[in-house]
Amino acid sequence: MTKKITFVNKQSLKEFQSLPYDIQQQFMNDLRYVSQNEKPLSEIKHLSQTVGQGVIELIENGKPAYRTLYVDKFEGHVYVLHSFTKTTNGVDHQAMATAKLRYQTLKAGLGKSK
């Protein structure tokens, strides 16, 4: 069964749409793979310890680098939490805080724990 790709709010959709078109296409293809229970083609990083259980970061490195964070552990959906342009080395603490807040809001709305 294919999962539905869902943006957690209007802002997460706007952020995704603000990425360069080729990056949007690449990440959307990755999300389609995930929605069919396949591995994405892009490099990934698990963010369970920093953002939330099951959160995964799609990575496109370069100058600048691009990221999209999603979670697919809730039945029937791949939820896109946050997308952003990464301009510095190291962790983007503001982006992680945004994704974590959206993840917590999503969980509360779904009535799920962890």
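The values are calculated or read from the model by the stated rules, or taken from the named source; none is laboratory data. Quick caveat, the model's predicted, so the values are computed rather than measured. Glycine also receives a Cβ, built like all others from the backbone with ideal geometry; neighbour counts cover every protein chain displayed. Calculation scope for accessible area: heavy atoms of the full protein, side chains included, ligands and nucleic acids excluded. Shrake-Rupley method; radii C 1.70, N 1.55, O 1.52, S 1.80 Å.
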**Item:** Single residue of segment 52-74 satisfying the filter (without any contact (Cβ under 8 Å) to a residue 60 or more places away in the chain and open to solvent by 70 Å² or more (accessible area, probe 1.4 Å)) that is farthest from ARG32 (Cα to Cα)
**Value:** LYS63
**Residue list for segment 22-40, filter: touching a helix residue (DSSP H, G or I) at 6+ places or on another chain (Cβ under 7 Å) and part of a helix (DSSP H, G or I)** = GLN24
**Message:** Here's a check for you: in segment 58-71, which residue that is assigned to a strand (DSSP E or B) and out of contact with any Asp or Glu (no Cβ under 9 Å at 6 or more places or on another chain) is nearest to ASN29 (Cα to Cα)?
**Reply:** VAL71
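Are any residues in segment 75-84 surrounded by 11 or more Cβ atoms within 10 Å (Cβ to Cβ) and modelled with pLDDT under 95, and if so, which ones?
Taking segment 75-84 and keeping what is surrounded by 11 or more Cβ atoms within 10 Å (Cβ to Cβ), we get 76-84.
Correct list: GLY76 only.
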**Complete:** With criteria (1) out of contact with any strand residue (DSSP E or B) (no Cβ under 9 Å at 6 or more places or on another chain); (2) within 17 Å of PHE16 (Cα to Cα), VAL55 comes up short on (1)
**Asked** If we scan segment 85-100, do we find a residue that is within 15 Å of the chain's Cα centre (by Cα), outside any helix (DSSP H, G or I), within 20 Å of ARG32 (Cα to Cα) and in contact (Cβ under 8 Å) with a residue 12 or more places away in the chain?
**Response** no
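Quick check on segment 41-51: of everything there that is part of a strand (DSSP E or B) and under 19 Å from GLN94 (Cα atoms), which residue is most open to solvent (accessible area, probe 1.4 Å)?
As a first pass, look at segment 41-51 and keep what is part of a strand (DSSP E or B): 43-46.
Narrowing further to those that are under 19 Å from GLN94 (Cα atoms): 45-46.
Details: LYS45: 99, HIS46: 125 Å².
If we take residues in segment 41-51 being part of a strand (DSSP E or B) and under 19 Å from GLN94 (Cα atoms), then HIS46 is most open to solvent (accessible area, probe 1.4 Å).
Which one is most open to solvent (accessible area, probe 1.4 Å), of the residues in segment 2-20 that are touching a Phe, Trp or Tyr at 6+ places or on another chain (Cβ under 8 Å) and closer than 17 Å to TYR103 by Cα?
The residue in question is LEU13.
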**Message:** Need pairs with beta-carbon distance below 8 Å; first residue at pLDDT 95 or above and within segment 33-51, second among the aliphatic types (A, V, I, L, M) and open to solvent by 80 Å² or more (accessible area, probe 1.4 Å); sequence gap 6+ or separate chains.
**Reply:** TYR33/LEU41
